[in-house]
Amino acid sequence: MVPGKYISKMDLSHMLQDLQQCKAPEEGHSPAEPDTLLSRPVAEVLLHVQEKLKAPGLTTDQSGEILHIVEQLFRLGDRHWLFSECCSNQSTDLTREYVDFVSSLTLYAALPLCDNDSGTLSESSFEAIPARACVVSSVVVALVQRLGNGGEVVSSHCQATSWVFLTGPLAPLLCVFALTHMQEQAWTSEASRTAASNLLDSVVQAGDWETTSQLLFGKNNTERQPGILGSILEILQSDLKRDSWKRNQATKHVFAWIVMQVGRPWLTDYLEKVFPPSLLMSDDYCTDNQVLGVRCLNHIVLNVPAADLCQYNRAQVLYHALFNHLYTSEPQLIEVVLPCLIDLLPVLEKDPACTGLPRKPNRYDEVLRLTLTHMEMEHKLALRSVYAKFLEHFIEKMGIVIVRHLKRLERVIIGYLEISDGPEEPTRLAILDALEKTLLIAWPRMECRLSALVQSLLRLVCDLSTESIPPAVREELVTKATHCLLLLDHCTQGKLKMLLKDVDSSCTSTYVLRCIETVTMAQR
């Protein structure tokens, strides 16, 4: 066979003969003659392959050999025999046949189903999946590339089936399969992830799309080439019901990947299909599923108009679900719940700075009150760091109404500055940012808290002179603490300078003296 040329009828016959002999025939039956098999519709050959893959006792090597031959048939076989609905393929619905064939291939590399409530299987259950995914991806890439080769001449008066006609039914199946094996999970390997990524790229190129986004949403041109997002969600819907979404471990990850790719304005059109599964995952008892669901919900909040979120009380339902998650002690869950709540509250409440007078307490106060309560009692360093990370954002969102919570906020800030949480000091740095934001917003109420805050900041600077932390981190902490002292001095109209002049310079560290000097020498 000459490399780069399409195979002749004789070569094709030999391939079909090899395909027929990949597994020994049953007793009393002889293999079909290759020329006889070649004269049959391609649908019968595809069905023959599907039956072989389902044969009991078939080893991975045997199935790999069968699929390798099929790949060569797609790459080098006669296009007229493969795709033209005439001659041997007359009265055959090739679109349906190829969709059925691809569906059977994806099932061959599908994950085993989980029958227990945990929704997880051991890694040993997926040992054969990466190799099968690689082989199936190669076969389907060959089919997609051949279908997409519109410039190839077909020696027939009949029009050959092309990728254009198969886009609707075939592309969604291939996209779901590629996404299943493209992400780093227990059932994938580096080779299978690369093969799946190549498959997705081939689907995009064959369909004359430029990006994966165009594949999902379609082209915004005069031809109005539709996307396949709706079809993908339809495929996933049956596996995302309350009693079935845990059976296939890959389904939730494929769904989450798809949701994260959809932004404005398209997500609004599919809200009824993406909101319930996301809420269902967030309501699970498994932390990983909860995190995945909340991430999807946060993306929905950011990319769907407030009016659509409030319709049918969706925003209210989501708020109560997220608020209940605040009682958890899992840092990875709190890390996604807090930003989601911060993004959701403007949908439910007016801007606290523009609510008029008197400003009545609302959900902003409810969330911050509970968060500060948990922060004050929390002793786990990982969870303290997560709380501190988002405190500044919450203070900024609330604006001047933060004065309602200054008493508890002061206790939290002082308590968090006292305890080191590691060489990088993320908690202390975040708390100093929160204190700075508070001083800028609620400066009229700071004079009565001057003594406690100054003592805490100077104690921090003094402790930093003896703690073993990287010099760059120490310098950043001292700089932030000094800036907070300068703001306190401005808030109290210079009273802090008068207090610092009474400090005995012989009884303190160099860092403290430098900090005091910076404050006392600063011009108002």
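The values are calculated or read from the model by the stated rules, or taken from the named source; none is laboratory data. Everything quoted here is computed from the prediction, not taken from an experiment. With ideal geometry, Cβ positions are generated from the backbone for all residues, glycine too; neighbour counts draw on all protein chains shown. Please note that ligands, DNA and RNA were not included when accessible areas were found on the heavy atoms of the full protein model with its side chains. Shrake-Rupley method; radii C 1.70, N 1.55, O 1.52, S 1.80 Å.
Sub-6 Å Cβ pairs linking a first residue in the stretch 472-497 that is within 16 Å of Y511 (Cβ to Cβ) to a second residue that is assigned to a helix (DSSP H, G or I) and open to solvent by 10 Å² or more (accessible area, probe 1.4 Å), at least 6 apart or interchain, are V478/Y511; T482/T518; C484/E436, ordered by first then second residue. Selection of helices (runs of 4 or more DSSP H) fully inside the stretch 193-290 by the criterion of at least 1 residues being open to solvent by less than 40 Å² (accessible area, probe 1.4 Å), of a type in the set (K, R) and modelled with pLDDT of 90 or more returns 249-261. Are any of the residues in the stretch 298-307 open to solvent by 10 Å² or more (accessible area, probe 1.4 Å), touching a residue at least 40 places away in the same chain (Cβ under 8 Å) and under 13 Å from the mean Cα position of the chain (by Cα)? Yes, that holds for at least one residue.
Consider L435 carefully, then state whether it is part of a helix (DSSP H, G or I), open to solvent by 80 Å² or more (accessible area, probe 1.4 Å) and either under 29 Å from V347 (Cβ atoms) or not hydroxyl-bearing (S, T, Y) (or both). Here the answer is no, as L435 does not meet what is asked. Provide a single number: the residues in the stretch 403-432 that are touching a Pro at 6+ places or on another chain (Cβ under 9 Å), of a type outside the set (V, I, T) and in a helix (DSSP H, G or I). Result for the stretch 403-432: 1. Determine if the stretch 334-347 includes at least one residue that is among the acidic types (D, E), more than 19 Å from the chain's Cα centre (by Cα) and open to solvent by 20 Å² or more (accessible area, probe 1.4 Å). The answer is no, given that none of the residues of the stretch 334-347 is among the acidic types (D, E), more than 19 Å from the chain's Cα centre (by Cα) and open to solvent by 20 Å² or more (accessible area, probe 1.4 Å).
Which members of the stretch 456-511 meet the condition of being at pLDDT 90 or above, among the hydroxyl-bearing types (S, T, Y) and open to solvent by less than 40 Å² (accessible area, probe 1.4 Å)? If the condition is that a residue be at pLDDT 90 or above, among the hydroxyl-bearing types (S, T, Y) and open to solvent by less than 40 Å² (accessible area, probe 1.4 Å), then S456, T482 are the ones that fit. If you filter the stretch 350-360 down to residues that are open to solvent by 40 Å² or more (accessible area, probe 1.4 Å) and touching a helix residue (DSSP H, G or I) at 6+ places or on another chain (Cβ under 7 Å), you find that the one that is modelled with the highest pLDDT is R359. A count restricted to the stretch 435-470 and to residues that are without any contact (Cβ under 8 Å) to a residue 40 or more places away in the chain and of a type in the set (A, V, I, L, M, F, W, C) stands at 1. Residues in the stretch 367-392 that are farther than 16 Å from E330 by Cα and buried (at least 16 other Cβ atoms within 10 Å of the Cβ): V367, L368, L372, L391, E392. Evaluation of E447 against the conditions (1) open to solvent by less than 60 Å² (accessible area, probe 1.4 Å); (2) touching a helix residue (DSSP H, G or I) at 6+ places or on another chain (Cβ under 8 Å) shows that the sole unmet condition is (1).
All conditions but one from (1) at pLDDT 55 or above; (2) loosely packed, with under 12 Cβ neighbours inside 10 Å apply to G4; the one that does not is (1).
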